[in-house]
Every structure is written in structure tokens, then in C-alpha cells.
Amino acid sequence: MKYIVVTGAYGGMGRKTVELLKKQGFCVIAIDKTTDAAEENVVPLQVDVTDSESVKGAFEKVKTLTDELFAIVHFAGIYMLDSLAEIDSGRFEYAFRVNLFGAFLINKTFLPLLKRGSRIVMTTSELAPLDPLPFTGIYAVTKGALDKYAYSLRMELQLLGIYVCVLRAGAVDTGMLDVSTDALDRFCSNTKLYSCNARRFKSIVERVEAKCIPPEKIAQKTQKILNYKHPKFAYSINRNLLLLLLNALPKGLQLAIIRQVLK
């Protein structure tokens, strides 16, 4: 039996991926801060991916189950929306700890269990390769950093025969969309610098997130990546055409458009 570690395993995308992988005959080690009861082919582990001792403890438990992992799949992450001029420094740091450092810590700790042919799949964002938009900067920057980290890791681990891939997903119908709406409402209520701009931005975000896909689509895409004999680095799903078109424009024109839309 092949073993796969999934982080963020009890969120929307993680849960559906765990369900699909166990049906495919994998034994899934389901890591999250809050877990459900164990079930056939699913081993839940309550872990804080930002805490080195918590991750080390999980590694020791996994070693009692297997000495080899077929894959690590990352869904652990947070969505944060704020002004870079107003965001609290603690929240700024926390976003990086969850979205970037957590993946780094898991990968580094579990690396001894990865063999030639193993895979690491990291869920970044459709925003990762694009120029950040206002008020999504903290999320886009952390996911962009994760994307760049993943490529750097791929460069290195290819020498060991280990594949590293990213899944750049657009809007997905998970609990994170509710978090997104709540974060947007809080930002519109709390911002002192951008009240009018924030209200206009909220209407744009709501239209974008209305075109979301179910988490089952992410699970199916992840399964395909794991099944490819030689997976490529980046895979995309549900990318927003307007964002792509905006990003294709010269930066000066992008800035002018955003000023016009949000003023």
C-alpha cells in the first residue's frame, strides 16, 4: 500500500481529496489542526504545521506506519485580505508562517521518507504568478512566495528523483469563500484609508468568487497529478480570464485601470 500525507486534510479541498485517494487504495495520513475519527485507509493526526515540535511528533508517528511516502499534498493555508499599509504586523507574519513556513517545515521534516519517484504537490493560487491586486497583497505575496519556493525545491529535488508540483487554483467552493467574505466585510468596516475603494473592491471580489468550482474538481486534478509518470511543475484550474488579461497589460496600464475602477 502507498502512503500519502495530506495537510489541511479536513478543509474543503483536503477532505474531498482524502476521500478520493482512499477510494483509490492509498493510505492517507490526514494532517490538520482539527481532525475527525480514524477510518479505513485514513489515519488522522492533529498537527500544527507551523510548530516544529508538533510536526516532529507527527513524523515519529508516521515512521511507525511506514518507511516510505509516495506523496505529500499540501492544502493547509489561510486566506487573508487587508491593506498592506494598515495590516497588523502579527497578522502579516502569521500569514507567512501558515502559507509558506508550514509547507517548508512539513517538507523538510518528512523528506527522509520520500524516495525516487515520490511527489510533493503544493496548492498555491491563480494569483501566485500574477501581479498582486490591491487588498489581496498579503495573500498573493505569501502564495507567490510558496510558488517560488516550490520551483526552487523542484530544482533541487529533481536531483534525487523527487517531483515537486504546484496546483494554481482559482475560486473554489469551500469554507474559505465564507472566510473571504468575512475578511472583506471586516476590511471594509475597519479601513481608515480606503473606505470607498474597499466597497468597490468588494463588489468585484463577489463577482469573481461567484464563478467558483466544487472542491471535488480539485481532488480530481490532484489525483491526476499524482498519477502522471512524469508530472510537470505547474497545473492550473479555474483561472479568471479578466485577471489574466489585466496581467498581460503593461504595469503602468494595470495601475491606471485599478485607479479608475476603484477610485
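Worth pointing out:
- Square roots of 5 times each gyration tensor eigenvalue, C-alpha, the chain, largest first, Å: 33, 19, 17
- If you look at the Cα atoms of region 216-263, you get an Rg and a Dmax of 16.7, 49 Å.
- Relative to the longest principal axis of the Cα atoms of the chain, helix 12-23 runs at roughly 30 degrees.
- Tail weight of P(r) past 22 Å, computed on alpha-carbon pairs of region 112-263, percent: 49 percent
- Taken about its Cα centre, region 21-77 carries a charge dipole of about 120 debye when Lys and Arg each add +1 at the Cβ and Asp and Glu each add -1 at the Cβ.
- Pairs beyond 22 Å (Cα-Cα), from 33/63; 33/143; 23/211: 23/211
- For the chain, the per residue solvent-accessible surface stands at 50 Å², with DNA, RNA and ligands left out and a 1.4 Å probe.
- Here region 185-245 and region 1-65 have alpha carbon centers that stand 25 Å from each other.
- Averaging 1/r across all pairs of distinct Cα atoms in region 80-151 and inverting the result yields a Kirkwood radius of 13.2 Å.
- Fully extended contour minus Cα-Cα distance, from residue 36 to residue 185, at 0.36 nm per residue: 50.6 nm
- Overall, the accessible surface of the chain at a probe of 1.4 angstrom is composed of carbon and sulfur to the extent of 55 percent.
- In terms of packing, defined here as the mean over residues of other Cβ atoms within 10 angstrom, the peptides 150-157, 129-136 line up highest first as 129-136, 150-157.
- About the centre of its Cα atoms, the chain shows a dipole size close to 940 debye [charges on the beta carbon of Lys, Arg (+1) and Asp, Glu (-1) only; nearest 20 debye].
- Kirkwood-based Rg to Rh ratio, region 1-69, C-alpha trace: 0.94
- Summarising the strand pairing of the chain, around 5 percent of its internal DSSP beta bridges are antiparallel.
- Rounded to the nearest 10 degrees, the inclination of helix 251-262 to the longest alpha-carbon principal axis of the chain is 70 degrees.
The values are calculated or read from the model by the stated rules, or taken from the named source; none is laboratory data. Model, not experiment: these values are computed from the prediction. For neighbour counting, all protein chains shown are included, and Cβ atoms are generated from backbone atoms with ideal geometry for every residue, glycine included. Side chains included, ligands, DNA and RNA excluded: accessible areas come from the protein's heavy atoms. Shrake-Rupley method; radii C 1.70, N 1.55, O 1.52, S 1.80 Å.
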